[in-house]
Amino acid sequence: MSSTRSRRIAGVVVAAALVSFSTADAQLTSPGVTAPVPGQILTAKRVFISNAGSESYGSQTYFRLTKYDGGPDRLYNQFYSAIKIWGRYELLDSPADADVVYEVRFTSPIVDKQTAHDLVYDPQLNVTIVDPKTRVALWSLTEHIQPARNRQGDNRNFDQAVARLVERTRMLASGSVASTDASPQTIVDMAPVGAVETARFQEHWQHTLTGSVLGSVAGSLIAWATVRPSCSGGFSCATADGIASERRTFHRRFTVAVGGTITGAFIGWFWPTH
């Protein structure tokens, strides 16, 4: 009797725990909750812009890896100029009297390694808004620089990344932050540069692979159904003419199957993506 009662009590405890966990999870994942922007950012009038430098491997390696003109201070100069033109802040030459400090930094971390000597870098721009009195980071913004095929394209993408970073900084200071109930198109527009293109490229390849498999199966079925062998077996197929005929049949079937694979891959590549 006590054993049955103990099992009932244990069941009630487990059920209560499950309800508690599900309630807590629902509270953590409830939509429509947006964390506030620190008031210090919204009310700041005097700003000091700090050049936090460039995390690179020396000046020569920096220019060889990134292919950007302007040197390590390029981000600082462009960001400072854009914020000054904006005119919202009084830009100070010392952080002592500043309401907030904007620390700007260029980084190019290694994110992948294809071979021992073929490293993949992710150049990015970062702005960290800091409380000058407590040195607490209030907010951080990061923009990735899309890679290009030449130096001109790299410089253009650098400028575009700076422009996006400045625009996001202005939106943040104005209280315009992304909402959790943003529309799908807004979420796409907020995606890091290159992310949409990469996702679409991967989806193209998935469609291509699927199309090639389906095309190969369809081509093989069509080949076996339409390309008939010249001989149906027996001694005639063992002769030189019969063997040559069988080879021609095989080649025709193989050609039809390969054609189906290529056609399926072609259709898959141009199949619409999301």
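Every number in this text was worked out from the coordinates using simple rules, so none of it is lab data. As the structure is a prediction and not an experimental result, all values here were calculated from the model. For neighbour counting, all protein chains shown are included, and Cβ atoms are generated from backbone atoms with ideal geometry for every residue, glycine included.
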- How high is the FRET efficiency between Ala225 and Asp69 when r is their beta carbon distance and R₀ equals 41 Å, given to the nearest 0.05? 0.10
- Query: Working from the pairwise distances between different alpha carbons, so that the mean of 1/r is found and then inverted, what is segment 114-169's Kirkwood radius in Å?
  - Reply: 13.2 Å
- Two-site label geometry, Trp205 and Ile85: point separation in nm, points 7 Å out along Cα→Cβ: 3.8 nm
- Linear extension gain, Gln40 paired with Phe270, 0.36 nm per residue minus alpha-carbon span: 77.8 nm
